[in-house]
Amino acid sequence: MKNTPLGVSQSFITIFILLSSQLLSQEISGIVQDSDGNPLIGANVIILGEEMGMATDENGTFSFEKTSNKDLQIMASYIGYKSKTLHFASGDILTDISFTLLRKHLFGKEVTVLARRREESIKDVPVSMVAISENMIREMGASSLEDLTSVVPNVFTYEEQTSTSFNIRGITGGARNPGMSSAEGVYLDGVIMGRPEFIATDMVDIKSVEFLRGPQGTLFGRNTVSGAINMISTKPGPTHSKSALFEIGQNGYQKIRLAINSRLNEKVFTRFSIYDFKWDGYLKNAFNNSQEKFKNNTGVRWAIRAIPSSKLTLDFSLDYYKEDLNKIAGHISDWRYTSRSPGYDGLPLDSLYYSLDSIDITDDGIYSFNNDTTGVLNRLLLGATFNMNYEIKNRLNIVGLVSWRKSDVSWFNDEDHTGIKMLNGYWDNQGDQTMVELKLMSNQNKKITWLSGLFYYNLYHYLNGPVYPQPYFFHYATGIPMFIAKNYTDQIVAPEGGGNTASVGLYGSADIQVSEKLSFTLGARYSTDKMRFKYRQIGIPSFGYITFPEDTSGDGVPDSYFDSTKTWSAFTPTLNVRYAYSPEFNMFGTISKGYKSGGFNADYISSIESVTEPFKPEQIINYEAGFKLGNESNTLFINSALYRMEYKDMQVSQFQDLFEGYSISNAGSSTITGFEIDFSSRLLRKALTLTGGYGQTEAIFNEFHDGYFNGDWDDGELFTDENGNGEYDSGEEFIDQDNNFSGEHISMYPKRTWSIVADFRVPINANLMFVSQLRSDFIDEKLSQLTIDKDANLLRDDARTLVNGHIGIAAEKWDISLWGENLFNTEYIVEQGINGYMGFIEQLWGQPRLLGLRISYRI
């Protein structure tokens with residue numbers, strides 16, 4: 001009985017505490033919905049810093065209680081949407097809270113681009129262009145420019161083992177010849193890649209890529225006659241983050257990407273990324289029955305950003321990229337063997353097999369080749385870039401850029417590709433470039449905005465490409481009896497050349513807002529290029545390749561180098577007119593001029609004129625009209641343009657004939673016409689995104705005589721019929737004519753291209769999302785190459801349609817998916833052409849079906 005009062009008091013205290021907590025507790029309730037007002041079922045609603053919260057019900061609503069009476073933060077999150085946090089003070093009413101969450105990675109949203117060297121909305125840029133964001137790059141699983149161009153109309157590219165070839169609006173880029181510049185400008189953070197070898201085949205830590213179609217001669221300058229491709233890297237940011245991507249697939253396919261972003265202090269951030277890609281490929285060498293090392297690439301990038309003040313931003317980056325591969329070859333199709341030996345000329349290639357008895361020179365089909373020598377290829381690419389942006393009194397910005405880039409490409413290869421020890425070749429191609437640019441830009445908040453700049457560029461390039469013919473080659477290709485040919489063991493054809501190009505450009509551009517709806521842009525650039533060129537070739541004159549310059553000592557080595565200097569200059573203006581019919585619909589018209597510098601032939605030569613006479617610069621004028629349409633909710637965007645381009649002195653790299661190599665000449669003129677349209681749209685409550693486009697191009701030589709006179713009578717040439725039999729007979733006089741390609745199509749471009757990407761993603765619950773994507777692209781047939789051989793000019797790379805895609809599950813920090821390329825296992829030819837030594841046709845067939853798994857993780 002003595003304990004009763006104490007027990008009663010304890011019970012009373014317990015009841016009092018419970019009642020007090022009920023009185024002090026406060027209801028938290030509300031709704032979570034998307035931007036269209038649709039409830040988000042299963043969204044997470046939590047109080048940050050406390051283990052308290054719940055998931056929304058089938059109506060998107062939530063309701064729970066809290067007992068603490070203090071300031072708090074409530075966060076709502078849902079997979080595929082941006083999280084939102086609301087702040088409340090003690091005593092605030094916490095009922096009827098409304099969260100509206102926005103979709104992440106909205107394809108149709110406003111896209112900010114740098115197409116005109118300053119940030120602006122893609123809708124306001126009077127240029128036909130496509131901008132691909134970091135999110136779309138990631139969601140496509142893209143790792144190279146070739147992956148991205150498949151969704152850009154009128155831009156065609158194919159990625160070779162160690163370089164990427166482009167064709168924009170029917171204009172093919174530069175040749176392998178280091179004396180010839182590219183037709184398109186490829187830029188990384190404002191730095192031009194002066195040679196194809198400077199372009200990393202795989203993209204390392206790229207934030208976005210912009211494809212500008214048509215000449216960009218004013219703001220981007222030299223060698224942008226077809227367009228410009230502007231790659232923008234991911235810059236260091238103020239938050240700590242990490243990301244990783246792993247891919248595995250068939251035939252030893254392995255890909256790894258890692259990126260770490262760190263904040264060193266409040267004003268300095270750094271970012272480190274690494275990329276590694278290994279793949280045995282899909283081509284087999286029938287000689288040793290092995291798949292060669294098709295991809296073995298490693299890339300590293302380190303960047304640091306400093307913001308000493310709100311007006312000054314400093315960026316510095318270092319790039320390293322390395323390839324270590326085995327050279328592959330093409331499948332030899334059923335064609336004729338060309339030889340100066342009457343015993344083999346015009347016979348099927350199999351005739352070599354029968355004459356060799358026991359040596360099998362055949363391959364195992366379209367996905368194979370036959371090389372008796374395993375070739376190797378190495379490429380090293382280094383780069384450093386410094387960028388400064390300083391704002392002066394909220395009126396002007398000074399932007400400075402200094403960059404250095406170096407490439408070294410070397411390979412040793414089986415050149416005959418027959419399985420017989422006929423020809424081996426070595427190739428050493430080096431390049432070193434320095435670029436300095438200074439820009440002054442006005443503030444964009446006035447009716448007149450302008451920018452001006454000074455550009456300096458210096459490129460050094462060098463090529464050494466010896467070929468070593470073996471006795472079998474002299475027997476089969478030249479008709480020398482084998483008992484004599486076996487003594488030809490120390491022969492060589494070795495072109496060696498290089499030079500230095502210094503380029504200076506001065507440019508300016510002004511945007512003038514005439515009225516609320518009408519504006520126009522005036523711009524101009526003056527460029528001058530000075531090239532010094534040195535060249536020599538050790539040749540075998542009886543074989544077709546001359547020794548040049550003269551060899552007076554008789555040892556087969558030229559006494560000196562051919563040394564020449566040439567200067568070219570050009571004025572490239574631009575006029576843009578833009579009319580904003582409404583905030584959603586803009587129309588534009590453009591007249592622009594492009595310029596590509598001249599150069600010298602540094603490849604294999606068979607005549608003195610082909611190296612001593614430089615080819616002229618080419619110039620192009622573009623007339624373009626188009627429109628851009630985007631709705632207010634940014635779920636629909638359409639871009640379209642019609643164009644006509646007039647080409648003058650178009651540079652053409654042309655295969656001449658067996659034992660005569662390549663030449664570069666100027667076509668008199670050509671005309672390119674066409675149109676393109678691309679779009680993006682979100683449907684089904686924004687769960688489905690459709691992105692695609694269509695392009696059509698017609699590229700014709702108006703006048704082109706190649707200047708190649710072979711010294712022999714050809715069908716159609718005039719002759720003196722001395723015996724009156726109506727036929728040409730040996731010894732009769734004739735008029736040797738060059739080849740006339742007037743009215744013919746320019747080589748290596750598809751007339752039509754289209755693409756469609758369907759991206760569908762829907763939440764499974766608040767934490768997981770189902771993701772899927774199908775991509776299809778079409779490339780029309782194209783002329784394989786342009787040569788003096790009329791039969792070879794009939795070759796066409798067939799039209800093809802490819803379907804790629806992936807399916808998987810994504811969470812806030814990770815995702816996993818199964819992917820496939822060429823899902824329908826379509827057989828198609830990437831490229832084909834004449835083997836320059838043996839005369840038969842080689843074909844490189846495209847990748848068959850490839851399946852794999854992708855896992856990514858983000859912190």
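The values are calculated or read from the model by the stated rules, or taken from the named source; none is laboratory data. Quick caveat: nothing in here was measured; it's all calculated off a predicted structure. Cβ: placed from backbone, ideal geometry, glycine included. Neighbour counts: every protein chain shown. Just so you know, the surface numbers come from the protein's heavy atoms only, side chains and all, with ligands and any DNA or RNA stripped out. Shrake-Rupley method; radii C 1.70, N 1.55, O 1.52, S 1.80 Å.
Of the residues in region 18-26, not one is part of a strand (DSSP E or B), modelled with pLDDT of 80 or more and either more than 30 Å from Met769 (Cβ to Cβ) or not basic (Lys, Arg) (or both). Quick check on region 741-782: of everything there that is of a type in the set (Gly, Ala, Ser) and closer than 21 Å to Thr635 by Cβ, which residue is surrounded by the most Cβ atoms within 10 Å (Cβ to Cβ)? Among those that are of a type in the set (Gly, Ala, Ser) and closer than 21 Å to Thr635 by Cβ, it is Ser755. Consider region 678-706 and keep the residues that are not acidic (Asp, Glu) and not in a strand (DSSP E or B). The one that is most open to solvent (accessible area, probe 1.4 Å) is Arg685.
Looking at region 58-100 only, could you name the residues that are assigned to a loop (DSSP other than H, G, I, E, B), over 24 Å from Ile809 (Cβ atoms) and not hydroxyl-bearing (Ser, Thr, Tyr)? Those that are assigned to a loop (DSSP other than H, G, I, E, B), over 24 Å from Ile809 (Cβ atoms) and not hydroxyl-bearing (Ser, Thr, Tyr): Asn59, Asn69, Lys70, Asp71, Ala89, Gly91, Asp92, Ile93, Leu94, Asp96. Of all residues in region 398-411, those satisfying the criterion of being farther than 21 Å from Arg195 by Cα and surrounded by fewer than 19 Cβ atoms within 10 Å (Cβ to Cβ) are Ile398, Gly400. Of the residues Thr385, Thr418, the single one that is hydroxyl-bearing (Ser, Thr, Tyr) and outside any strand (DSSP E or B) is Thr418. For region 47-63, a residue qualifies if it is modelled with pLDDT under 85 and either open to solvent by 60 Å² or more (accessible area, probe 1.4 Å) or not aliphatic (A, V, I, L, M) (or both), and the qualifying residues are Leu48, Gly49, Glu50, Glu51, Gly53, Met54, Glu58.
Taking the criterion of being within 25 Å of Thr826 (Cα to Cα), of a type in the set (A, V, I, L, M), touching a helix residue (DSSP H, G or I) at 6+ places or on another chain (Cβ under 9 Å) and modelled with pLDDT under 90, the only residue of region 751-793 that qualifies is Leu783. Checking each residue in region 808-844 for being open to solvent by less than 40 Å² (accessible area, probe 1.4 Å), part of a strand (DSSP E or B), more than 30 Å from Asn261 (Cα to Cα) and at pLDDT below 95 picks out Ile829, Val830, Gln832, Gly833, Ile834, Ile841, Glu842, Gln843, Leu844. Scanning region 196-207 turns up one or more residues that are open to solvent by 10 Å² or more (accessible area, probe 1.4 Å), part of a strand (DSSP E or B) and either hydroxyl-bearing (Ser, Thr, Tyr) or at pLDDT below 95 (or both).
Residue by residue, here is whether (1) of a type in the set (S, T, N, Q); (2) open to solvent by 20 Å² or more (accessible area, probe 1.4 Å); (3) within 30 Å of Ile540 (Cβ to Cβ) holds:
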position	(1), (2), (3)
Glu415	no, yes, yes
Asn443	yes, yes, no
His461	no, no, yes
Met482	no, yes, yes
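Of Leu438, Leu506, all but one fail to be out of contact with any His (no Cβ under 8 Å at 6 or more places or on another chain), closer than 26 Å to Ile398 by Cβ and surrounded by fewer than 15 Cβ atoms within 10 Å (Cβ to Cβ); the exception is Leu506. Scanning region 131-143 for residues that are more than 18 Å from Leu853 (Cα to Cα) and either assigned to a helix (DSSP H, G or I) or open to solvent by less than 20 Å² (accessible area, probe 1.4 Å) (or both) yields Ile132, Glu134, Asn135, Met136. So, Thr298, is that one of a type in the set (S, T, N, Q) and buried (at least 16 other Cβ atoms within 10 Å of the Cβ) or not? Against the criterion (of a type in the set (S, T, N, Q) and buried (at least 16 other Cβ atoms within 10 Å of the Cβ)), Thr298 qualifies.
In region 434-452, the count of residues that are farther than 27 Å from Ile232 by Cα and within 24 Å of the chain's Cα centre (by Cα) is zero.
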